[in-house]
Amino acid sequence: MITPEILKKAIRNVPDFPKKGIQFKDITTLLKQPDLLRYVIDNTTKYYEDKGITKIVAIESRGFITGGALAEKLGAGFVPVRKPGRLPAEVFKKSYALEYGENCIEIHRDALVPEDIVLLHDDLLATGGTALAAIDLISRFNVQQVYCCFIIELDFLKGREKIMPLYDVFSLVHF
């Protein structure tokens, strides 16, 4: 039987990546195992199946991997949030701080409508900077509801505290 602890053990830790002092959590070692990938998709789907999700908004790039599968399982559309210059039409843009620098993300200006119920998805929640930037982009569409889900949450960086209580946060694995 698969448990969150088994998922946790399947995640590779890469020290000093992308810079010294960061302990990078690499999900590729989890994703290559079909039973673990299925567990991630099935358990996340189960958590959200009664929420009326109409769009999965996934953050580049690892959020795309499971975000598309979640969209299909939940009968929802898929909306990518990307790094600058990678979306071909007009975009909204948001800069934000990471635990190791700064970045910027974009979403198409026609990606969502006010009737949408959105599930924001990424592989990892750390400080909450990327998630909050994505929430800021989503909020420009005045959607009905936003939920947030992650495969991994780094509890000691307290990203959840920045997102809740305004938004529900679900994570499968906690470090």
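Return yes when V118 is touching a residue at least 40 places away in the same chain (Cβ under 8 Å), assigned to a strand (DSSP E or B) and more than 26 Å from F24 (Cβ to Cβ) and no when it is not.
yes
Among the numbered criteria (1) touching a helix residue (DSSP H, G or I) at 6+ places or on another chain (Cβ under 8 Å); (2) part of a loop (DSSP other than H, G, I, E, B), which single criterion is violated by N142?
(1)
From the list T29, T66, exactly one residue is in a helix (DSSP H, G or I), touching a residue at least 60 places away in the same chain (Cβ under 8 Å) and among the hydroxyl-bearing types (S, T, Y). Which is it?
T66
Any residue in the range 48-55 that is under 15 Å from the mean Cα position of the chain (by Cα), at pLDDT 95 or above, surrounded by 12 or more Cβ atoms within 10 Å (Cβ to Cβ) and assigned to a helix (DSSP H, G or I)?
Checking the range 48-55: at least one residue is under 15 Å from the mean Cα position of the chain (by Cα), at pLDDT 95 or above, surrounded by 12 or more Cβ atoms within 10 Å (Cβ to Cβ) and assigned to a helix (DSSP H, G or I).
Could you look through the range 134-156, keep only residues that are of a type outside the set (S, T, N, Q) and surrounded by fewer than 17 Cβ atoms within 10 Å (Cβ to Cβ), and pick out the one that is farthest from V40 (Cα to Cα)?
It comes out as R140.
Which one is farthest from S95 (Cα to Cα) among residues in the range 122-139 that are outside any helix (DSSP H, G or I) and among the charged types (D, E, K, R)?
Ranking the candidates gives D123 first.
Select from the range 15-43 the residues that are within 15 Å of M1 (Cα to Cα) and surrounded by 12 or more Cβ atoms within 10 Å (Cβ to Cβ) and write down the one among them that is nearest to the chain's Cα centre (by Cα).
Out of the qualifying residues, it is V40.
The values are calculated or read from the model by the stated rules, or taken from the named source; none is laboratory data. Bear in mind that the values here come from a model prediction, so they are computed numbers and not experimental data. Counting neighbours? That spans all protein chains shown, and the Cβs are built from the backbone with ideal geometry, glycine included.
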